[in-house]
Amino acid sequence: MIQDLAQALQTSSFGAFARGSAYPYANLVHLLGLVMLVGGIGLLDLRMTGLFRSLPLQAVSRVLTPFAVAGLILMVPSGFTMFAADAVPLSRSDTFRWKLSLIALALANAAVFRVLWRRHVEGVDPNLPTAARLMAGVSIVLWLWIAALGRLIAYA
Ligand code: HEM
């Protein structure tokens, strides 16, 4: 089933377009998205783990969250375009599957964090509860791992 969908995508006109002039631009947009997403969420997570306490948590979150979300919005279509170029081999790649699984886990972690700790992040108390700081630490590790897997896809 997945293989048939991958085959259909790779042999489609969009697959041919992705393999042509679009690929380098998709890769550039993917890297720009990476800097915005992992850079934005990484710095925010570091602040939430307790570093940079001189910076007000509320202000850091207000500035960096939209930046990170904009990065994610760039990464999905650009990643999908690069995927369409080589969908069959990529859909068989354990590295690529691990990457997508960890993206789902990192997004779930971010969503649960928001539900549980949003009031703290937007509150006056600059210190987050230990569980929130741990979740921020897990978030950094996951996004860096995803970025590493993204780079390793080509070597796997
Ligand atoms: C959202 C978080 C994501 C991160 C942090 C991420 C990170 C990366 C990185 C660092 C690279 C290597 C780029 C390079 O060296 O030129 C990469 C490549 C790639 N990514 Fe992503 N990516 C993400 C999402 C996605 C998504 C959603 C898809 C597909 C639907 C995807 C598909 C790809 C593909 C196909 C490549 C090229 C692999 C190759 O070199 O053949 N990425 N990604």
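The values are calculated or read from the model by the stated rules, or taken from the named source; none is laboratory data. Every value quoted in this text rests on a predicted model; they were computed, and no experiment measured them. In this analysis, Cβ positions are derived from the backbone assuming ideal geometry, glycine residues included, and neighbour counts consider all displayed protein chains. Quick note on the areas: whole protein, heavy atoms, side chains included, nothing else; ligands and nucleic acids left out. Shrake-Rupley method; radii C 1.70, N 1.55, O 1.52, S 1.80 Å.
Looking at the stretch 56-75 only, could you name the residues that are among the small types (Gly, Ala, Ser) and open to solvent by 30 Å² or more (accessible area, probe 1.4 Å)? Residues satisfying the conditions are Ala59, Ala70. Summed over the stretch 127-156, the residues that are open to solvent by 50 Å² or more (accessible area, probe 1.4 Å), in contact (Cβ under 8 Å) with a residue 60 or more places away in the chain and either of a type in the set (A, V, I, L, M, F, W, C) or in contact with a strand residue (DSSP E or B) (Cβ under 7 Å, 6 or more places away or on another chain) (or both) give a count of 2. The single residue among Arg97, Arg114 that is loosely packed, with under 13 Cβ neighbours inside 10 Å, at negative phi, in a helix (DSSP H, G or I) and without any contact (Cβ under 8 Å) to a residue 40 or more places away in the chain turns out to be Arg114. Check the stretch 34-50 and report whether any residue there is more than 16 Å from Leu142 (Cα to Cα) and in contact (Cβ under 8 Å) with a residue 12 or more places away in the chain. Within the stretch 34-50, one or more residues are more than 16 Å from Leu142 (Cα to Cα) and in contact (Cβ under 8 Å) with a residue 12 or more places away in the chain. Here Leu128 fulfils each of the conditions (1) touching a Gly at 6+ places or on another chain (Cβ under 7 Å); (2) within 15 Å of Asp45 (Cβ to Cβ) apart from (1).
The set of residues from the stretch 112-152 being among the hydrophobic types (A, V, I, L, M, F, W, C) and within 16 Å of the ligand (Cβ to nearest atom) comprises Val138, Ile140, Val141, Leu142, Trp143, Leu144, Trp145, Ile146, Ala147, Ala148, Leu149, Leu152.
When the residues of the stretch 10-31 are filtered to those that are within 11 Å of the ligand (Cβ to nearest atom) and aliphatic (A, V, I, L, M), which remaining residue is most open to solvent (accessible area, probe 1.4 Å)? Of everything passing the filter in the stretch 10-31, Leu28 is most open to solvent (accessible area, probe 1.4 Å). With respect to being without any contact (Cβ under 8 Å) to a residue 24 or more places away in the chain, assigned to a helix (DSSP H, G or I) and under 30 Å from Thr11 (Cα atoms), Val76 fits the description. Selection over the stretch 43-55 of residues that are surrounded by fewer than 19 Cβ atoms within 10 Å (Cβ to Cβ) and of a type outside the set (S, T, N, Q) gives a count of 6.
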